[in-house]
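J.: After the structure tokens below, expect a handful of questions from me.
Where a number appears in this text, it was derived from the coordinates with a stated rule and is not lab data. In this text the structure is predicted, and so the values were computed from the model without any measurement. All Cβ positions, even for glycine, are placed from backbone atoms using ideal geometry, and neighbour counts span all protein chains on display.
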Amino acid sequence: MKPKHRRMSATRLIVLFFLGTILLGALLLCLPIASRSRAWTPFFHSLFTATSATCVTGLTVFDTCTHWSLFGQIVILILIQCGGLGVMTTITMFSVFAKRRISLYERKILMQSEGTMRTGGVIKLLKRIVAGTFLFEGTGALLLAIRFCSDARFGFWRGLFYAVFHAVSSFCNAGFDLMGRINPGGSLTPFAGDLLVNLTVAALVIIGGVGFFVWDDILEKKLKVKSYTLQSKIVLTFSAALIVFGWLFFFLFEQNSSLAGMSTGKQLLVSFFHSVSARTAGFFTTDLSKLSVSGNLLMTALMFIGGSPGSTAGGVKTTTVAVLLMQLIASSRGNKNPTVFKRSIDDDTVKRAASIGAIYVLLDLFGTMFIAAVDRFPLQAVLFETVSAAGTVGLSTGITAQFSAASQFVLILLMFIGRIGGLTMMITFAEKRKNIPLKRPNEKILIG
């Protein structure tokens with residue numbers, strides 16, 4: 001009797017598509033045509049860059065502008081776009097344009113890839129995601145082009161390409177920049193006081209980071225805030241609170257450190273930009289190596305939290321932290337389940353949030369211990385890089401390229417797991433195991 005044909009699970013297929021995209025990107029970046037020197041780029045360095053681009057992180061071992069040719073930069077841009085939209089979304093988008101019928105199996109994969117909770121209307125949601133993405137990126141590119149195309153350091157055509165590249169990188173929360181020609185390793189620091197550049201990039205980062213599911217909710221219900229789903233309410237409220245919190249405390253902590261010498265107005269603008277960017281965008285407008293200890297820890301905490309589910313951002317996610325905080329408040333008051341906006345959050349959601357939080361803490365802990373043991377950098381600097389990689393942020397104090405190959409490989413793994421999702425990776429490895437329906441007797445243990 002022939003065994004029944006079983007299709008690969010959605011989680012494994014998503015993981016394989018991301019792996020395939022990264023490997024293809026790495027091979028293309030190896031080619032002589034991809035570098036300005038027209039020499040072969042070592043495969044490992046190309047793999048690091050391809051992983052960082054596909055996982056929309058932004059950590060680099062080479063300056064994106066000065067090392068990679070136009071061909072290499074376009075490859076990186078495509079990888080960022082695929083990684084931001086989701087590889088499965090990109091592939092399905094071409095299927096829709098080719099008028100190929102999308103099967104129920106493919107719809108299930110899309111549902112999981114995009115973080116939506118319903119299979120019905122997933123293709124409609126996909127079309128909205130693609131249309132919205134190009135609308136926001138196009139608008140951002142036009143606004144950035146006003147500044148870049150008129151800049152004599154770039155010229156019109158290079159300025160136009162820079163505008164498109166940075167708009168896509170901002171919306172996808174990738175953090176890759178092309179400013180190495182005028183300021184090597186300085187990200188957007190040449191535009192630290194530029195309102196147009198700062199607000200455009202920050203707006204793209206915020207829109208890309210709230211999640212496709214929230215977009216869909218806002219599009220359907222407009223300004224009827226009371227009709228929004230609980231997820232949309234939590235995401236919008238908690239994201240706004242984090243931006244304000246980060247803005248205020250970055251300004252207070254860094255006045256005499258990385259913001260020293262700037263006018264008050266510029267300090268406020270730089271503080272706002274870093275509060276937004278730290279939650280997975282990876283751009284910066286001040287020297288991060290000059291951060292105070294408090295500022296460094298603040299940025300690390302924001303990177304750990306990250307963006308929202310079903311978005312271009314990484315990290316533990318805003319909803320995860322919000323649920324854990326609400327559970328903490330509920331437990332302290334003696335309540336069984338946390339409640340918010342007159343809704344109760346079920347036990348399964350709380351357990352899932354706790355699992356995700358624990359996974360990321362362990363990833364950051366073991367990654368930091370390994371790199372600190374191998375490369376002997378200060379703990380604070382290593383923790384910053386590790387959390388940045390696992391949260392797919394891309395912020396760095398400038399030591400990524402100085403790491404050994406072993407430490408850089410750890411960062412590659414952290415970036416990949418961070419983009420796929422720690423819980424998704426665990427489910428992928430555990431799928432073959434059969435759960436025996438056996439109920440064991442309960443026994444209490446002391447906690448705390």
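J.: Below 8 Å, C-alpha to C-alpha, sequence gap of six or more: please give me the relative contact order for the stretch 158-204 in percent.
T.: Result for the stretch 158-204 is 32 percent.
J.: Once R0 is set to 45 Å, what does the formula 1/(1 + (r/R0)^6) return for the Cβ-Cβ distance between Lys439 and Leu365, expressed as a FRET efficiency to the nearest 0.05?
T.: 0.85
J.: At 7 Å along Cα-to-Cβ for each site, give me the label-to-label distance between Leu16 and Glu220 in nm.
T.: Reported label-point gap for Leu16 and Glu220 is 3.2 nm.
J.: Which distance in Å, rounded to a whole number, links the C-alpha centroids of the stretch 154-182 and the stretch 217-250?
T.: 28
J.: Using only C-alpha atoms and all pairs of different ones, pull out the Kirkwood radius for the stretch 10-428 in Å with one decimal.
T.: Kirkwood radius, the stretch 10-428: 21.6 Å.
J.: A further question on this structure: With Cβ to Cβ distances under 15 Å as the rule, what net charge do the other residues near Leu379 carry (K, R +1; D, E -1)?
T.: -2
J.: Here's another thing I want to ask about it. Using 0.36 nm per residue of separation minus the Cα-Cα distance, give me the extension gain between Ala401 and Phe156 in nm, one decimal.
T.: 85.0 nm
J.: Between Val244 and Arg181, take the C-beta separation as r, use R0 = 35 Å, and let me know the FRET efficiency to the nearest 0.05.
T.: Efficiency, rounded to the nearest 0.05: 0.50.
J.: Then there's this: As a footprinting exposure proxy, order Glu443, Glu137 by other Cβ within 10 Å, with the fewest listed first.
T.: Exposure proxy ranking, most exposed first: Glu443, Glu137.
J.: Would you calculate the separation in nanometres between label points at Leu325 and Ile74, each defined as 7 Å from the Cα along the Cα-to-beta-carbon direction?
T.: 4.5
J.: If you don't mind, another one. Along the Cα-to-Cβ line of Leu196, 7 Å from the Cα, sits a label point; which residues in the stretch 126-154 have backbone N less than 16 Å from it?
T.: So the set is 139-154.
J.: What distance in nm lies between label points placed 7 Å from Cα along the C-beta direction at Asp287 and Leu230?
T.: 4.9
J.: Fewest to most neighbouring Cβ within 10 Å: what's the order for Asp151, Asp347?
T.: Starting with the residue having the fewest Cβ neighbours, the order is Asp347, Asp151.
J.: Cross-link list Lys233/Lys290; Lys233/Lys336; Lys124/Lys266; Lys226/Lys336; Lys127/Lys351; Lys127/Lys266: which exceed 31 angstrom alpha carbon to alpha carbon?
T.: In this structure, Lys233/Lys290; Lys124/Lys266; Lys127/Lys351; Lys127/Lys266 lie more than 31 Å apart at Cα.
J.: What is the order of Thr54, Thr189, Thr21, fewest Cβ neighbours within 10 Å to most?
T.: Ascending Cβ contact count within 10 Å gives the list Thr189, Thr21, Thr54.
J.: Counting Lys +1, Arg +1, Asp -1, Glu -1, what net charge surrounds Val235 among other residues with beta carbon under 10 Å of its beta carbon?
T.: It works out to a net charge of +1.
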